[in-house]
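See structure below.
No lab work stands behind these numbers, since they all come straight from the coordinates. All values reported here derive from a predicted model rather than from experimental measurement. Here Cβ is always computed from backbone atoms with ideal geometry, including for glycine, and neighbour counts include all displayed protein chains.
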Amino acid sequence: MIRYFLTALILFTGSVSAEQTLSIIKPDAVKGNNIGDILAHYEDGGLKIVALKMVQLTPEQAGQFYEVHKERPFFEELTTFMSSSPVVVVVLDGDKAISKNRELMGATDPKKATEGTIRWKYGNSIGENAVHGSDSEATAKEEIQFFFGPHEIH
Ligand code: CMP
């Protein structure tokens, strides 16, 4: 009996992968009054909002956050845009939250995003694409720590 229970427990825990990921609702989506609808996409998609705040980044902070893109030709455009007006930063929690969130966001270029995704609905261009989402477990951890202390995540 105990053996069956343990086997079932291992099978169950092996199929569920609880993760946290960072989302940024970018200046274009905040200015467009789309915060509520974007949050609804996350909740309807099965993700839980466990931390949330509105912040205005300085160009330096935006540069620090997107450090990985420092050598890219669009870096200046990206950091200027991300610091142009407030953004909403959100920690999302759930089974396979990182890939789930990327699925809900759609492709980086809104023109290539699947119909019904957040970027398909609200993105204007590859630069002004409504939302950012972490792309791996390591990045998610770093990005969450960039904006939130441990006691701000519930
Ligand atoms: P994001 O998911 O926030 O990660 C990096 C961002 O760089 C990306 O979304 C785009 O908004 C932006 N980006 C990527 N490629 C380009 C590009 N060719 N021109 C301008 N911005 C870009």
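Treating r as the C-beta distance of residue 60 and residue 31 and R0 as 22 Å, the FRET efficiency rounds to 0.50. Taking packing as the residue-averaged number of other Cβ atoms within 10 angstrom, the listed peptides 114-125, 83-94 run from highest to lowest as 83-94, 114-125. Peptides 65-75, 132-142, ordered by how many other C-beta atoms sit within 10 Å of their residues on average, highest first, read 132-142, 65-75. Ranked by the mean number of other Cβ atoms within 10 Å per residue, highest first, peptides 32-42, 99-109 order as 99-109, 32-42.
FRET efficiency for the pair residue 85 and residue 112, taken as 1/(1 + (r/R0)^6) with r the Cβ-Cβ distance and R0 = 25 Å, rounds to 0.45.
Would you mind checking the stretch 17-49 for residues with the amide N under 16 Å from a putative spin-label position 7 Å along Cα→C-beta of residue 95? Those under the cut-off are 17-20, 43-48. In percent, rounded to a whole number, the relative contact order of the chain is 33, using alpha-carbon pairs under 8 Å and six or more apart.
Compare the Cα positions of 149, 65, 33 along the charge dipole of the stretch 15-152 (+1 at Cβ of Lys, Arg; -1 at Cβ of Asp, Glu; about the Cα centre) and return the one farthest towards the positive end. Selected residue: 33.
Convex hull of alpha carbon positions in the stretch 34-154: directionally averaged projected area 7.3 nm².
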